[in-house]
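**Q** Before anything else, here's the structure in question.
The values are calculated or read from the model by the stated rules, or taken from the named source; none is laboratory data. All of these numbers come straight from a predicted model, not from anything done at the bench. For neighbour counting, all protein chains shown are included, and Cβ atoms are generated from backbone atoms with ideal geometry for every residue, glycine included.
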Amino acid sequence: MAQVHFTVQRQLSLPAEEVFDELIDWHGHAEWVPMTTVVIEEGDGGVGTVFVATTGIGPLALPDRMRVEELDRAAMRVRVTKIGPILTGDVVLAVSRDSETSCQLLWDERVEVPILPQLLAKPVGVVAQVAFTVSISSMAKRVKSRLAGTRTQELSA
């Protein structure tokens, strides 16, 4: 069993609250994490929500079942536990405000992968870090687009 750990830290030119709202929109992850679908099994998105994010194609798809353990809107921090049966571990997502229009995003993930030998944990962690860096860029573009659309609607009203 491999224990994989990776961290992505990004400075984003976006309001912190908007970034945090996008991170906790579990269905929305399918829009910016490539080849991913999300199914909410129970809950309303808050603490106790159970969802499955499946990434991949056909027989190569990997279901990742998770439960929201902590969600603190004021602190803009959420902790999700991977509850198996394939992957277990924890993910912490946190956003901190730099200014009204910029923030820092932290994605810290520790996962145990039973079918992976430990000697592959570091390379898999590097690949995951790169993949989530790209996904976060896609998420940021989605938020920017949504904010631009909101401003356009306000100006035309």
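**Q** Quick test for you: out of Ser156, Ser145, Ser99, pick the one residue that is over 22 Å from Asp25 (Cα atoms) and at pLDDT below 95. Spell out how you get there, then give the answer.
**A** Details: Ser145 fails: over 22 Å from Asp25 (Cα atoms); Ser99 fails: at pLDDT below 95.
None of the others qualify; the one that does is Ser156.
**Q** On to the next question. What tally of residues in segment 53-74 results from selecting those that are in contact with a Ser or Thr (Cβ under 9 Å, 6 or more places away or on another chain) and either more than 17 Å from Ala30 (Cβ to Cβ) or part of a strand (DSSP E or B) (or both)?
**A** Going through segment 53-74 one residue at a time, the tally reaches 11.
**Q** I'm trying to understand the selection: among the residues of segment 105-116, which are modelled with pLDDT of 95 or more and either closer than 16 Å to Ile86 by Cβ or in a helix (DSSP H, G or I) (or both)?
**A** Matches in segment 105-116: Glu109, Arg110, Val111, Glu112.
**Q** How many residues are in contact with a Leu (Cβ under 6 Å, 6 or more places away or on another chain) and surrounded by 15 or more Cβ atoms within 10 Å (Cβ to Cβ) when one looks only at segment 49-65? Step through it out loud before you land on a result.
**A** The initial filter retains those residues of segment 49-65 that are in contact with a Leu (Cβ under 6 Å, 6 or more places away or on another chain), namely 55-56, 64.
Now drop any that are not surrounded by 15 or more Cβ atoms within 10 Å (Cβ to Cβ), which leaves 55, 64.
Going through segment 49-65 one residue at a time, the tally reaches 2.
One line per residue, one yes/no per condition, for (1) under 22 Å from Ala128 (Cα atoms); (2) charged (D, E, K, R); (3) not in a strand (DSSP E or B):
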site: Arg10; (1), (2), (3): yes, yes, no
site: Leu14; (1), (2), (3): no, no, yes
site: Glu22; (1), (2), (3): yes, yes, yes
site: Asp25; (1), (2), (3): yes, yes, yes
site: Gly46; (1), (2), (3): no, no, yes
site: Phe51; (1), (2), (3): yes, no, no
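**Q** Looking at segment 113-130, I want the residues that are closer than 20 Å to Val91 by Cβ and have a partner that is in a helix (DSSP H, G or I) and of a type outside the set (Ser, Thr, Tyr) with Cβ atoms under 9 Å, at least 6 apart or on another chain. Which pairs are those?
**A** Sorted first by the residue in segment 113-130, then by its partner, the pairs are Val113/Leu120; Val113/Ala121; Val113/Val124; Leu116/Val124.
**Q** Of all residues in segment 4-48, count the ones that are surrounded by 14 or more Cβ atoms within 10 Å (Cβ to Cβ), farther than 19 Å from Ser138 by Cα and out of contact with any Phe, Trp or Tyr (no Cβ under 7 Å at 6 or more places or on another chain).
**A** The number of residues fulfilling the criteria is 4.
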